[in-house]
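Please read the structure below before turning to the comments.
The values are calculated or read from the model by the stated rules, or taken from the named source; none is laboratory data. Owing to the predicted nature of the structure, the values given are computational and were not obtained by experimental measurement. With ideal geometry, Cβ positions are generated from the backbone for all residues, glycine too; neighbour counts draw on all protein chains shown. Calculation scope for accessible area: heavy atoms of the full protein, side chains included, ligands and nucleic acids excluded. Shrake-Rupley method; radii C 1.70, N 1.55, O 1.52, S 1.80 Å.
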Amino acid sequence: VVTVPSNLNQTGVADFFGTTTLRVAKFDPADERNINGYVISPPHNFRLQAGEAYFVRAPADVSLPVNGTPVSAATDFVRALPNATATAPSWTMIGNPFLTSITWDLTRIQYSVNGSAPQPLTTLLGDANAPVTFYGWKWNPSGNSYVLVCDPAIFSSATNLIAPGEGVFVLVKASGVQ
């Protein structure tokens, strides 16, 4: 699970990855081209965006140049999440849009619903009707498993660091969540 830590000059999957043997997928159940919620390239082309995460399958390690403008860590970064409901929740992939690691800090990461004032993730603790989870999951390729991303003070086995280029799954349970 990876993300692009920049606002790219070329935003199409084919433009960025070229004609390599990579397979790229994004989770987008609303896209009519999806298969079990995933849009896969090739054959489909889609736009890459900072803060959105993707599955990438490569036959071997690969390095790709990132041509674009880095996302400034000095400004707030807002990412709209796909619409969902409590009865039809939706997992979505978000990514670290910065060139430095970020800490999953429940007091600093904020969310809002339908344009409401931003609230820290701490307000979601113990809320059975929370619009989004206060934690996430990231892929650990060396362990071939997912790792919980949260404040280790809440879950001691969790990690709280998301490296540049890493993506995380979160569960959205309402519409209008950012």
_Filtered residue count, the range 1-36, keeping only those that are modelled with pLDDT of 75 or more, more than 15 Å from the chain's Cα centre (by Cα) and among the small types (Gly, Ala, Ser)_ = 3
*Out of all the residues in the range 31-58, which are closer than 30 Å to Ala73 by Cα and in a loop (DSSP other than H, G, I, E, B)?*
Asn45, Phe46, Leu48, Gln49, Ala50, Gly51, Ala58
*Please enumerate the residues belonging to the range 150-164 that are closer than 12 Å to Val1 by Cα and assigned to a loop (DSSP other than H, G, I, E, B).*
Ala163, Pro164
*Members of the range 1-30 found to be touching a residue at least 24 places away in the same chain (Cβ under 8 Å), open to solvent by 20 Å² or more (accessible area, probe 1.4 Å) and part of a helix (DSSP H, G or I), listed by number*: Ala14, Phe16, Phe17
*asked:* Suppose we filter the range 87-99 for residues that are open to solvent by 80 Å² or more (accessible area, probe 1.4 Å) and either in a loop (DSSP other than H, G, I, E, B) or modelled with pLDDT of 90 or more (or both); how many remain?
replied: 2
*Those residues that are small (Gly, Ala, Ser) and over 24 Å from Ala50 (Cβ atoms), I need them from the range 118-136; list them, please.*
Gly126, Ala128, Ala130
*Looking at (1) part of a loop (DSSP other than H, G, I, E, B); (2) of a type outside the set (Lys, Arg); (3) crowded, with 20+ Cβ neighbours inside 10 Å, find the lone condition where Gly167 falls short.*
(1)
